[in-house]
Structure formats: C-alpha cells, structure tokens
Amino acid sequence: MRVFTAIVEKCPDTGWYVGYVPNFPGAHTQGETLDELYHNLHEVIEMLLEDGEPELETEFIGTQTLVMA
C-alpha cells in the first residue's frame, strides 16, 4: 500500500477542485466535485506508477497557518 498526500484547491473562476501531489511530476488533475477529484487523482497516480517509482526530490511535510497582525 502506498500513501500520497495531495494538495486540494478550489478555482474561483470555475468552481472546480484542483489537486496535485507535491514533487510528483504529472500527478495533477481536477474535478467538479471532491469525489470526482479523488477518483481522478487515483487514476492519474496509478497511470504514472506504471512507468515506475517517481523520483521525489523533496518530501512533503505539511502545511502551516500564519497569523499576520
């Protein structure tokens, strides 16, 4: 079993969800719903893994919330 972390954003122009896996070239897609995005991310990652393991240059650790005064 492999675990990948995807970043998910929502496009303000289209209302669609956009997702990508940091430092995994080509691992990005979009969907009209979060379920569709999840399905599409699964498909694109499976397709990319058929070419072998990705060479990740860095490791995604997490996000931080910054509070600015």
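The values are calculated or read from the model by the stated rules, or taken from the named source; none is laboratory data. None of the values given here were measured: they were computed from a predicted structure. Note: ideal-geometry Cβ built from the backbone for every residue, glycine included; neighbour counts use all protein chains shown.
Brief remarks on what is shown
- The numbered conditions (1) more than 17 Å from THR5 (Cβ to Cβ); (2) surrounded by 13 or more Cβ atoms within 10 Å (Cβ to Cβ) are all true for THR33 except (2).
- Checking VAL3 against (1) surrounded by 11 or more Cβ atoms within 10 Å (Cβ to Cβ); (2) on the phi < 0 side of the Ramachandran plot; (3) within 13 Å of the chain's Cα centre (by Cα), the condition it does not meet: (1)
- Options LEU41, LEU48, LEU56; residue that is surrounded by 10 or more Cβ atoms within 10 Å (Cβ to Cβ), of a type in the set (A, V, I, L, M) and modelled with pLDDT of 95 or more: LEU41
- Close contacts from region 1-15, counting a first residue that is closer than 15 Å to GLY31 by Cβ and a second that is modelled with pLDDT of 95 or more and among the β-branched types (Val, Ile, Thr), with Cβ to Cβ under 8 Å and a gap of 6+ residues or different chains, come to VAL8/VAL18; GLU9/VAL18; LYS10/VAL18; CYS11/VAL18.
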